[in-house]
Amino acid sequence: MKVSVEISMYPLDREYGTPILKFIERLRTHEGLELRPNTMSTQVFGEYDTVTAAVTQEMRTSFEEGDTVVMVMKVVNQDLKP
């Protein structure tokens, strides 16, 4: 099943840009994902299992890096690529 995810990351730190860029770059290393970052969020498209595994792994990595971050995510069970 194809899914589309929109995820926004809000680091609670003055250097907010670095954790966001690192998160996106780590997502790019996963095969089978299509990413479309923009100024408000990052959209991720692909197969459900692939997308959810990658997002879960990289969220955990962000949390374990010690930064306090808020993640807001929307998931729809369709491929909504423009």
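Identify all residues within the range 3-29 that are open to solvent by 100 Å² or more (accessible area, probe 1.4 Å) and more than 10 Å from the chain's Cα centre (by Cα); write none if there are none.
Within the range 3-29, Tyr10, Leu12, Arg14, Glu15, Tyr16, Leu21, Thr29 qualify.
Kindly list the number of the only condition in (1) open to solvent by 40 Å² or more (accessible area, probe 1.4 Å); (2) at pLDDT 95 or above that fails for Gly66.
Checking Gly66 against (1) open to solvent by 40 Å² or more (accessible area, probe 1.4 Å); (2) at pLDDT 95 or above, the one that fails is (2).
Among the residues of the range 38-51, are any in a helix (DSSP H, G or I), under 28 Å from Met1 (Cα atoms) and open to solvent by less than 90 Å² (accessible area, probe 1.4 Å)?
Of all residues in the range 38-51, those in a helix (DSSP H, G or I) come to 48-51.
Filter again for under 28 Å from Met1 (Cα atoms), leaving 48-51.
Now restrict to residues that are open to solvent by less than 90 Å² (accessible area, probe 1.4 Å): 50-51.
Yes, there is a match, as at least one residue in the range 38-51 is in a helix (DSSP H, G or I), under 28 Å from Met1 (Cα atoms) and open to solvent by less than 90 Å² (accessible area, probe 1.4 Å).
The values are calculated or read from the model by the stated rules, or taken from the named source; none is laboratory data. Fair warning: this is a prediction, and the values are worked out from it, not measured in the lab. Surface accessibility is based on the protein's heavy atoms, side chains included, excluding ligands, DNA and RNA. Shrake-Rupley method; radii C 1.70, N 1.55, O 1.52, S 1.80 Å.
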